[in-house]
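Below is one structure, written out as structure tokens, with a few remarks after it.
The values are calculated or read from the model by the stated rules, or taken from the named source; none is laboratory data. Note that the structure is predicted; figures quoted are calculated from it, not measured. In this analysis, Cβ positions are derived from the backbone assuming ideal geometry, glycine residues included, and neighbour counts consider all displayed protein chains. These area figures cover heavy atoms from the full protein model, side chains too; ligands, DNA and RNA do not enter into them. Shrake-Rupley method; radii C 1.70, N 1.55, O 1.52, S 1.80 Å.
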Amino acid sequence: MADNGTGTVPDTSGHAVGASVRDARGELLIGGIPVSRLADRMGGTPFYAYDRAAVSRRAAQWRAAMPHRLRLHYAIKANPMPALVQHLRDLTDGFDVASLGELQVALDTGIPAGRISFAGPGKSDHELRAAVAAGITLHLESAGELERIARIGHAMGVRPGVAVRVNPDFELKSSGMKMSGGPKPFGVDAEQVPDLLAHLGTLPVGFRGFHIFTGSQNLSTAAIIEAHTRTLALAEQLARQAPAPVTSLNLGGGLGIPYFPGEQPLDLAPIAANLAGCIATLGPGLRDAELVMELGRYLVGEAGIYVCRVIDRKVSRGRTYLVTDGGLHQHLAASGNLGQIIRKNFPVIAAARASPVDTREKVTVVGPLCTPLDLLADQIELPRCAPGDLIAILQSGAYGYSASPLGFLSHPPPGQALVG
Ligand SMILES: *Cc1c(COP(=O)(O)O)cnc(C)c1O
């Protein structure tokens, strides 16, 4: 592949997904900075780098495609780096948090509390107290949680804002992770929601609406469209039994990004057209509700890379290994150990090489950990790399740093930078 080309060229691993931009010497650029220069600036490898402009572009694309009525929230869980969250404050209409730590990152951006919501099963009393004190919206995960929220609000003299997280009786088909349908620890089963709403109306809490999150990492427009249509129909039906008008309906998100060979980026146009049609025919129960899509990975996943350095190159019984200073402890998803059923290679590329020899070879890229699980790319084709060269894993802006077992084997954590 055009390793010495300029401009946007496909990555060099034979992967169809993940595009990279290179300078005239064939070196990967991130946020306009050659990756070896950034490595020096970071004080060494490994590190994550997130491209500010790429995140902005992605949010703008979503806004251009979607009906104006739809609001965009960022699910901080995907990447809680404070500088990145700060950047996303101006690009989105709100934040969804899932812990006290994420709540604090959200509040530090200066976003109004009314634009933050907090979902997650097992919120502890001190988390609920912090959320009520901050004045954000709590997404109820159970009847027991409702009791605790009401008690905490009463004791504090504050009326907590709540939305009911619903576990619908359908699932998001073709999802990387299913979060609804059947028995789930998330949300209140749809059939139990009417009773919960009746009880909620008797408690000193402010009813805001519903939250229906069906799944994550979906690349099927048909499945997403079906889930949206059914979500809106279910919300309409539940709204009739609500103790107060629905002012907010969170439709979830689940928009995926391509990671593996053969995967195609989502086309937002049919998803937007379906939503526009649904919105045009909304019944009275949702007519005045703010409609929200919450996205994590879709906003930040493709904007980030993980960079590590080749420490050793060795051949074992005919197989060539590049041993790097980065590994599964810092990028669990790329190692295939974050929920994947069949391990597939992330897009892994040679990012900067000291001596650009054009021969290509099949290599296995591993990390420094003493476990066979520490595999970053299995038998991929790369231009020949030597110790000192830099390797980059694309599509690494979401569920990277914070979703990895950073303490495993006691290496220092990787750096993180927001660039461009
Ligand atoms: C994890 C999560 C998200 C974000 O999912 P992505 O696949 O990153 O978009 C959104 N909402 C809820 C409730 C979640 O748990």
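Annotations for the structure displayed:
- GNM on the chain, alpha-carbon springs under 10 angstrom: the most fluctuating residue among 114, 254, 296 is 114.
- For the chain, the antiparallel share of DSSP beta bridges with both residues in that region comes to about 45%.
- Taking 16 Å as the cut-off, the amide N atoms of region 265-294 that come nearer than this to a point 7 Å along the Cα-to-beta-carbon line of residue 69 belong to 271-293.
- Of the GluC sites (Glu not before Pro) found in region 174-272, not one falls in a DSSP loop while having at most 10 other beta-carbon atoms within 10 Å.
- Rounded, prolate or oblate (a/c below 1.5 giving rounded, otherwise prolate when a/b exceeds b/c) for region 80-295 by Cα gyration tensor: oblate
- Heavy atoms of residue 173 accessible to a 1.4 Å probe, total area in Å² rounded to 10: 100 Å²
- Region 319-377: relative contact order as a whole-number percent, Cα under 8 Å and 6+ apart: 51 percent
- Amide H contacts of residue 189: 167, each under 5 Å away and 5 or more positions distant or on a separate chain (H built 1.01 Å from N in the peptide plane; Pro and chain starts excluded).
- Separation of the residue 362 and residue 241 label points, Cα + 7 Å toward Cβ, nm: 5.8 nm
- Rounded to two decimals, the Cα-based Rg/Rh of region 272-420, with Kirkwood Rh, is 1.16.
- Cα-based convex hull, the chain, per residue volume (Å³, whole number): 135 Å³
- Zone of residue 403's modelled label, taken as backbone nitrogen in region 283-327 under 17 Å from a point 7 Å along Cα→Cβ: 294-307, 327
- For residue 178, the lysines whose Cα falls under 28 Å of its own Cα, not counting residues fewer than eight places away in the same chain, are 77, 123, 344.
- Close amide-amide hydrogen proximity is noted between residue 213 and 166, each under 5 Å apart and 5 or more residues distant or on a separate chain (H modeled in the peptide plane; Pro and chain starts excluded).
- Between amide H atoms placed 1.01 Å from N, distances below 5 Å from residue 416 occur with 48, all of them 5 or more places distant or on a separate chain.
- Proximal lysines relative to residue 314, as straight alpha-carbon distance under 18 Å, when same-chain residues fewer than 8 apart are discounted: 362
- The equivalent ellipsoid that matches the C-alpha gyration tensor of region 219-333 spans semi-axes of 45, 15, 11 angstrom, in descending order.
- Using C-alpha pairs under 8 Å with a sequence gap of at least 6, the mean separation divided by the residue count of the chain gives a relative contact order of 20 percent.
- For region 376-381, 3J(HN,Hα) per residue [Karplus equation, 6.51 cos²θ - 1.76 cosθ + 1.60, θ = phi - 60°, Hz, x = Gly/Pro]: 9, 7, 9, 6, 9, 9
- Rounded to the nearest 0.05, the FRET efficiency derived from the C-beta distance between residue 288 and residue 169 at R0 = 30 Å is 0.70.
- Cα-centred dipole magnitude for the chain, charges only on beta-carbon of K, R (+1) and D, E (-1), debye, nearest 20: 360 debye
- Trypsin sites (Lys or Arg not before Pro) restricted to DSSP loop in region 301-334 with at most 13 other C-beta within 10 Å: 317
- Ignoring aspartates and glutamates fewer than eight residues from residue 184 along the same chain, the ones with Cα atoms less than 18 angstrom from its Cα are 141, 145, 169, 171.
- Sequence of 370, 278, 308 from largest to smallest accessible area, 1.4 Å probe: 370, 278, 308
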